[in-house]
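A quick write-up on the structure given underneath.
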Amino acid sequence: SKRKGRNRFEYYNAALDERSDVLFNLLQQLRPAVLHNKLAVYYQPLIALETGKVCAMEALVRWPQEDGSLIFPDQFIPVAESSGLINQLGAFVLTEACEYCAYQHSIGNKYLSVAVNLSFSQFRDNSLPGIVKSALQKSGLPAVSLELELTESILADDHGNIRKQLEHIKQLGVQFSIDDFGTGYSNLNYLRAFNAGKLKIDKIFITTLGIDQKHETLVSAIINMAKSLDMQVVAEGVENEAAKAKLVELGCDIGQGYLWSKPIPKHEFDVLLNS
Ligand code: C2E
Ligand code: CA
Ligand code: CA
Ligand code: CA
């Protein structure tokens, strides 16, 4: 009936209000945390499957709380994206990551590169190329040792000026990876033209690899496609030996996942590199 419908509508509105309250409160706390550099960057190793050695690391942001707990990026990155805070957050992560990698180079680990995630909304104004440039200059990290991770949707967007900014950043000598591959829409033609160095297969296809056969054909096809485009293939979400063995069999180059390490703070990463 009409009345029932109206009640339902009012209930829906109340739920919506409550949700926007929660997001508003989160933003109220996130803003000062970002502005005063209170976020933390954790690092997860990428392992060359042939040698078993660390070849790179991915920078992943966390928000430490006063009680010692961490808030994970899936909870606050969307808030940062929709509020414009993402530019400052992104600049912080880039600077931290470049500085830590430059430190590793300074103690002899020059082979190491660092990967930093980029959001669609970091391309909204034209500030990104300048932010990348200044992170490299401040840290002294060679541009080739920085990798930027882009999702398929960023690459698929051919209107706006995203591609222009990407070309600008590329000219600095920075490397690119395609993140979460297999979950989005890819313009395969542009994927080839863009010439990213690495393709990262999304973890939803990897975690059960070697245990059930569901994704094996797809993973194999992605690896072969990436090779034919001269890209290195990274499998993320490698959690066990069975998945790793299957990836080696399929010719995957690099693994990342809890099998080796979860993302850890830099003092723990120092220890991991020396062990
Ligand atoms: P992502 O770029 O796909 O990062 C990989 C996520 O998988 C990370 O989650 C990582 O901790 C998790 N992971 C790694 N190994 C395994 C595994 O073996 N099994 C499983 N189940 N998960 C694994 P995290 O750190 O919570 O980050 C979530 C997402 O937040 C990232 O997904 C990325 O899209 C975004 N993000 C993180 N840091 C940043 C940042 O600095 N800037 C931007 N724009 N986005 C970020
Ligand atoms: Ca990533
Ligand atoms: Ca990913
Ligand atoms: Ca992701």
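The values are calculated or read from the model by the stated rules, or taken from the named source; none is laboratory data. None of the values given here were measured: they were computed from a predicted structure. Note that each Cβ is placed from the backbone with ideal geometry, even for glycine, and that neighbours are counted across all protein chains shown. For accessibility, only protein heavy atoms count, side chains too; no ligands or nucleic acids. Shrake-Rupley method; radii C 1.70, N 1.55, O 1.52, S 1.80 Å.
Observations
- Per principal axis, descending, Cα span of the range 142-221 in whole Å: 43, 31, 16
- Counting only protein heavy atoms and a probe of 1.4 Å, the accessible surface of the range 126-212 is 51% carbon and sulfur.
- Heavy-atom accessible surface of the range 224-267: percent carbon and sulfur, 1.4 Å: 49 percent
- Proximal aspartates and glutamates to residue 138, defined as alpha-carbon separation beneath 20 angstrom and excluding residues fewer than eight positions away on the same chain: 58, 96, 99, 147
- Calculated from backbone phi, Karplus (6.51, -1.76, 1.60) coupling profile of the range 129-141 in Hz, x at Gly/Pro: x, x, 5, 4, 4, 6, 5, 5, 5, 4, 8, x, 5
- Every helix of 4 or more DSSP H residues in the chain counts as -39500 (n - 2.57), and over all residues that averages to -15500 deg cm²/dmol at 222 nm.
- Stokes-Einstein diffusion for the chain at 25 °C, viscosity 0.890 mPa s, with a Kirkwood radius from C-alpha pairs, works out to 122 µm²/s.
- Listed cross-link partners 53/170; 38/214; 53/203 are compared with a 32 Å cut-off, the Cα-Cα value being larger for 38/214.
- FRET efficiency for residue 249 and residue 228, using Cβ-Cβ distance with R0 set to 22 Å, rounded to 0.05: 0.75
- Listed residues 30, 188, 141, most fluctuating in the chain (Gaussian network, C-alpha, under 10 Å): 188
- Solvent-accessible area per residue, Å², over the range 92-208 with all protein chains present [probe radius 1.4 Å]: 43 Å²
- Angle between the chain longest axis and helix 241-250 axis [Cα atoms, degrees, rounded to 10]: 60 degrees
- Dipole magnitude of the chain about its Cα centre (Cβ charges: Lys, Arg +1; Asp, Glu -1), debye to nearest 20: 580 debye
- Tilt relative to the chain, helix 86-106 - C-alpha long axis, 0 to 90 degrees, to 10: 20 degrees
- GNM top mover of 31, 19, 124 - the chain, alpha-carbon springs below 10 Å: 19
- Across 145, 82, the residue with the most accessible area heads the list, and the full order at a 1.4 Å probe is 82, 145.
- Phi-based couplings in Hz for the range 226-239 (Karplus 6.51, -1.76, 1.60; Gly and Pro marked x): 4, 4, 5, 9, 6, 9, 7, 10, 10, 9, 9, x, 7, 10
- Annotation: amide H of residue 49 within the under-5 Å range of 254, 255, sequence separation 5 or more or interchain, hydrogens built in the peptide plane.
- Proximity of backbone amide H atoms, modeled 1.01 Å from N, is registered between residue 148 and 116, 175, 176, 177 at under 5 Å, excluding neighbours fewer than 5 places apart on the same chain.
- For the range 140-275, dividing the convex hull volume of the Cα atoms by the residue count gives 127 Å³ per residue.
- Whole-Hz Karplus values for the range 255-269 come out as x, 8, x, 4, 3, 9, 5, 7, x, 9, x, 5, 5, 6, 5 Hz, taken residue by residue from phi with 6.51 cos²θ - 1.76 cosθ + 1.60 and θ = phi - 60°; glycine and proline positions read x.
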